[in-house]
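To start, the structure under review is shown below, and the notes come after it.
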Amino acid sequence: MEVTERIRDSLHRFFDGDFWYSFTQSKITMISGGVTAVMLLAAFFAPLISLQNPFDPAALNLMDAFTPPVWAENGSWAFPLGTDNQGRDLYSAILYGSRLSLFIGFASVSLAMILGVTLGLVAGYLGGIVDVVIMRVADVQLSFPAILIALLIDGVARALLPNNRHEDVVVYVLVLAIGLSQWVNFARTVRGISMVERNKEYVLAARLIGISRPLIMLRHILPNTMGPVLVIATISMGVAILLEATLSFLGVGVPPTEPSLGTLIRIGQDFLFSGEWWIVIFPGAALVILVLSVNLLGDWLRDYFNPKLR
Amino acid sequence: MFVLIVRRTFQSIIVMLVVALLAFTMFRYVGDPVAMLVGQETSLQERAALRENLGLNDPVPVQFGRFVLNMVQGEFGISYQIGRPVSELISERLPATLELSLLAALFALLTGIPMGIYTALRPGRWLSHFFLTLSLVGISLPTFLIGILLILLFGVILGWLPTFGRGEVVDLGWWTTGLLTESGIKSLLMPAFTLGIFQLTLIMRLVRSEMLEVLRTDYIKFARARGLTNRAVNFGHALKNTLVPVITITGLQLGSIIAFAIITETVFQWPGMGLLFIGAISSVDIPIMSAYLVLIALFFVLINLTVDILYNVVDPRLRGDMRSSLG
């Protein structure tokens, strides 16, 4: 009884609060929020709402290959958006593909966030040589595009792992590659905030009563960084999804046996000239809609946490 | 000024050495170079001899020193897969990538700046809204998708433009160019547009925000109070100050254009360095990978250095800061 009341209470506070109000103030934000939610849910429940398991070779029938979408001639309701060269239902493949893309996005942004926030906190709070070393590395990395860094990490991982092992762990290699190419933004922002906060009186008071440095960073400085970190995480999410799609499109990402959105587009590119446009267009549209709505949400969050820009 | 140049050059050399160390580590420790070079039936003695010949038994610092020395002379070893010197492979493909990148940068500048100026001067017009919406879509549309859509429209449906390769190229001895033949120019159009579109949105947004910033300053108000024409104020006074950061950023972006060419080159099967690099990653061809890494880093460092120095030459305010911070 008490628990439900508490939940209701916090829900009330959420919907009456500033955050929700700001969200409902812009139609574009609400639409992109809705679209993101729908795509998240669809990806999460993909096994329930898809028509087949596109990752299961036994479920595919080569006889169904290149079926056009349902409204075209020879289309069939069994494959509403048509099929690819393997006879894979594109609607199901897009659901599973966005599931994969979103998983890689979330995992790599989490990795980048943990790494970046930790290094940023340490650099900003401790200062000195630690700060110089971390920020120098960050500066050098920032001057190279993320795609290049992700490609290099992927290439090295490929060389270190024997060929047959690579396909099993490719998702984790991608998470590592994308995560390591994204940490700098987190680190720079968190460092800036913690450099300001460490000189404030409450931190001084905390040091005075003998709280250890890790605890001060964690309990007193970290909470101040949460807003900007959330903004960067959202923006990085869009970047990470695009990076994954790009790597997969370049053929160094997810293999065609378990396609992500980028892999599907890569498959489809080979069949553009024979007129099978749907293999490219539908996964491409799904990717663009997903990234666009995440970016718009990020824009809104940035404005919300930074009223000066409004 | 001189102090600045020396310091920046020194920093650049350090960065290059770190990158070289990375490339060396990749080259030396990712996989065994000997095993990559020889076939299955090579005996252990032959392998050991080759190892000695390649100097792989020397102390690691000596090996690194030799690696850097070779690199400075443009010697990057022999490709594992193709079996030819990496330097040859790269110099064959460099013109294709540079031609594409420079044209893309030019396109981005020549369309991005006017679009940015227009959206800043006429914020309410529908064309400004259209440009801004377009730039948002441009940022959310991945490069490779833009390329594919272009191929679908102009290559497949309309059949106007070739969809892959460079077309006919003219060999000038040390440089191959596609700019002198009709098919070469036609082949260049779609890739250059694809590569430039992201930079275009970037430049447009930058010009717009800088211009809006400058238009708010006092000296613009004063210029208007003096009764100068709109044209003189906007283009004579405001634009001049807007362009300094624009030139800097565009300069810095040139490096990423060359890197992003990897994607465009894959879409259009453009025979440049990017395509070579992607092939090297798939086939774990370490010498090509490390050479590409070093080369791209060199581009970046050189561009950064030039832009830094130019910035100081162009903007006298920075020089004043430098002097006061030094003395």
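Would you pick out the residues in the range B:39-48 that are surrounded by 12 or more Cβ atoms within 10 Å (Cβ to Cβ) and not acidic (Asp, Glu)? Matches in the range B:39-48: B:Thr42, B:Arg47, B:Ala48.
If you go through the range B:243-282 and pick out every residue that is more than 9 Å from chain A (Cβ to nearest Cβ) and either part of a helix (DSSP H, G or I) or on the phi < 0 side of the Ramachandran plot (or both), you end up with 25. For the range A:264-273, filtering for residues that are within 9 Å of chain B (Cβ to nearest Cβ) and either of a type in the set (A, V, I, L, M, F, W, C) or in a loop (DSSP other than H, G, I, E, B) (or both) leaves 3.
Is it true that some residue in the range B:301-323 is in a helix (DSSP H, G or I), surrounded by 24 or more Cβ atoms within 10 Å (Cβ to Cβ) and either modelled with pLDDT of 80 or more or aliphatic (A, V, I, L, M) (or both)? Checked against the condition, which is being in a helix (DSSP H, G or I), surrounded by 24 or more Cβ atoms within 10 Å (Cβ to Cβ) and either modelled with pLDDT of 80 or more or aliphatic (A, V, I, L, M) (or both), the range B:301-323 yields no hits at all.
One line per residue, one yes/no per condition, for (1) within 13 Å of chain B (Cβ to nearest Cβ); (2) assigned to a helix (DSSP H, G or I); (3) among the basic types (Lys, Arg):
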site	(1), (2), (3)
A:Thr225	no, yes, no
A:Ile235	yes, yes, no
A:Ser248	yes, yes, no
A:Val252	yes, no, no
A:Glu258	no, no, no
A:Gly262	yes, yes, no
A:Gly284	yes, yes, no
A:Ile289	yes, yes, no
A:Asn295	yes, yes, no
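Among (1) among the polar types (S, T, N, Q); (2) crowded, with 17+ Cβ neighbours inside 10 Å; (3) under 29 Å from B:Gly184 (Cα atoms), which single condition is B:Thr119 missing? Here B:Thr119 meets the rest and fails (3). Selection over the range B:135-175 of residues that are in a helix (DSSP H, G or I) and more than 30 Å from B:Ser209 (Cβ to Cβ) gives a count of 8. For the range B:25-36, the count of residues that are modelled with pLDDT of 75 or more, farther than 19 Å from A:Ala159 by Cβ and not β-branched (Val, Ile, Thr) is zero. Residue check: A:Leu176 meets all listed conditions (1) within 13 Å of another protein chain (Cβ to nearest Cβ); (2) modelled with pLDDT of 80 or more but one, namely (1).
Surrounded by fewer than 16 Cβ atoms within 10 Å (Cβ to Cβ) and within 14 Å of chain A (Cβ to nearest Cβ) - does that describe any residue in the range B:221-242? Can you show your working first?
To start, the set of residues in the range B:221-242 that are surrounded by fewer than 16 Cβ atoms within 10 Å (Cβ to Cβ) comprises B:221-222, B:224-232, B:235-236, B:240.
Cutting the leftovers down to within 14 Å of chain A (Cβ to nearest Cβ) gives us none.
Looking through the range B:221-242, none of the residues is surrounded by fewer than 16 Cβ atoms within 10 Å (Cβ to Cβ) and within 14 Å of chain A (Cβ to nearest Cβ).
When you check B:Gly165 against the structure, is it small (Gly, Ala, Ser), at pLDDT below 85 and surrounded by 18 or more Cβ atoms within 10 Å (Cβ to Cβ), yes or no? No: the conditions fail for B:Gly165.
With respect to B:Phe193, is the statement that it is more than 10 Å from chain A (Cβ to nearest Cβ), crowded, with 18+ Cβ neighbours inside 10 Å and touching a Pro at 6+ places or on another chain (Cβ under 6 Å) true?
Numbers: more than 10 Å from chain A (Cβ to nearest Cβ): yes; crowded, with 18+ Cβ neighbours inside 10 Å: yes; touching a Pro at 6+ places or on another chain (Cβ under 6 Å): no.
Considered against the rule, which asks whether it is more than 10 Å from chain A (Cβ to nearest Cβ), crowded, with 18+ Cβ neighbours inside 10 Å and touching a Pro at 6+ places or on another chain (Cβ under 6 Å), B:Phe193 comes out as no.
Among the helices (runs of 4 or more DSSP H) confined to the range A:124-201, the ones with at least 1 residues that are farther than 24 Å from B:Met26 by Cβ and touching a helix residue (DSSP H, G or I) at 6+ places or on another chain (Cβ under 7 Å) are located at A:128-142, A:183-197.
Scan the range B:210-229 residue by residue and report those that are within 37 Å of the chain's Cα centre (by Cα) and part of a helix (DSSP H, G or I). So that I can check it myself, show each step before the final result.
Here is the first cut: in the range B:210-229, the residues within 37 Å of the chain's Cα centre (by Cα) are B:210-217, B:219-220.
Of everything in the range B:210-229, those that are within 37 Å of the chain's Cα centre (by Cα) and part of a helix (DSSP H, G or I) turn out to be B:Glu210, B:Met211, B:Leu212, B:Glu213, B:Val214, B:Leu215, B:Tyr219, B:Ile220.
Any residue in the range A:99-118 that is within 14 Å of another protein chain (Cβ to nearest Cβ), over 27 Å from A:Ala37 (Cβ atoms) and part of a helix (DSSP H, G or I)? Checked against the condition, which is being within 14 Å of another protein chain (Cβ to nearest Cβ), over 27 Å from A:Ala37 (Cβ atoms) and part of a helix (DSSP H, G or I), the range A:99-118 yields no hits at all. As an exercise: evaluate B:Ile139 against (1) touching a Phe, Trp or Tyr at 6+ places or on another chain (Cβ under 9 Å); (2) touching a residue at least 60 places away in the same chain (Cβ under 8 Å); (3) more than 14 Å from every other protein chain (Cβ to nearest Cβ) and give the number of the one condition it does not meet. Failing condition for B:Ile139: (3).
Which of the residues belonging to the range B:162-218 are basic (Lys, Arg) and touching a Phe, Trp or Tyr at 6+ places or on another chain (Cβ under 9 Å)? Even if it seems obvious, please write down each step before you answer.
We begin by selecting, within the range B:162-218, every residue basic (Lys, Arg); these are B:166, B:186, B:205, B:208, B:216.
The answer is B:Arg166, B:Lys186, B:Arg208.
Considering A:Ile279, A:Ile241, which residue is β-branched (Val, Ile, Thr), touching an Asp or Glu at 6+ places or on another chain (Cβ under 6 Å), within 14 Å of chain B (Cβ to nearest Cβ) and surrounded by 21 or more Cβ atoms within 10 Å (Cβ to Cβ)? Before you say what the answer is, go through the steps one by one.
Details: A:Ile241 fails: touching an Asp or Glu at 6+ places or on another chain (Cβ under 6 Å).
Criteria check complete, one pass: A:Ile279.
In the range B:68-85, the condition of being of a type outside the set (A, V, I, L, M), in contact (Cβ under 8 Å) with a residue 12 or more places away in the chain and assigned to a helix (DSSP H, G or I) is met by no residue. Against the numbered list (1) in contact with a Gly (Cβ under 7 Å, 6 or more places away or on another chain); (2) surrounded by fewer than 16 Cβ atoms within 10 Å (Cβ to Cβ), B:Leu158 comes up short only at (1).
To keep it simple, each residue is scored yes or no on (1) surrounded by fewer than 20 Cβ atoms within 10 Å (Cβ to Cβ); (2) within 14 Å of chain B (Cβ to nearest Cβ); (3) modelled with pLDDT of 85 or more.
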{"position": "A:Ala157", "(1), (2), (3)": "yes, yes, no"}
{"position": "A:Leu160", "(1), (2), (3)": "yes, yes, no"}
{"position": "A:Val184", "(1), (2), (3)": "no, no, yes"}
{"position": "A:Arg191", "(1), (2), (3)": "no, no, yes"}
{"position": "A:Ile209", "(1), (2), (3)": "yes, no, yes"}
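The values are calculated or read from the model by the stated rules, or taken from the named source; none is laboratory data. In this text the structure is predicted, and so the values were computed from the model without any measurement. Cβ sites come from the backbone with ideal geometry, for glycine too, and all protein chains shown count toward neighbours.
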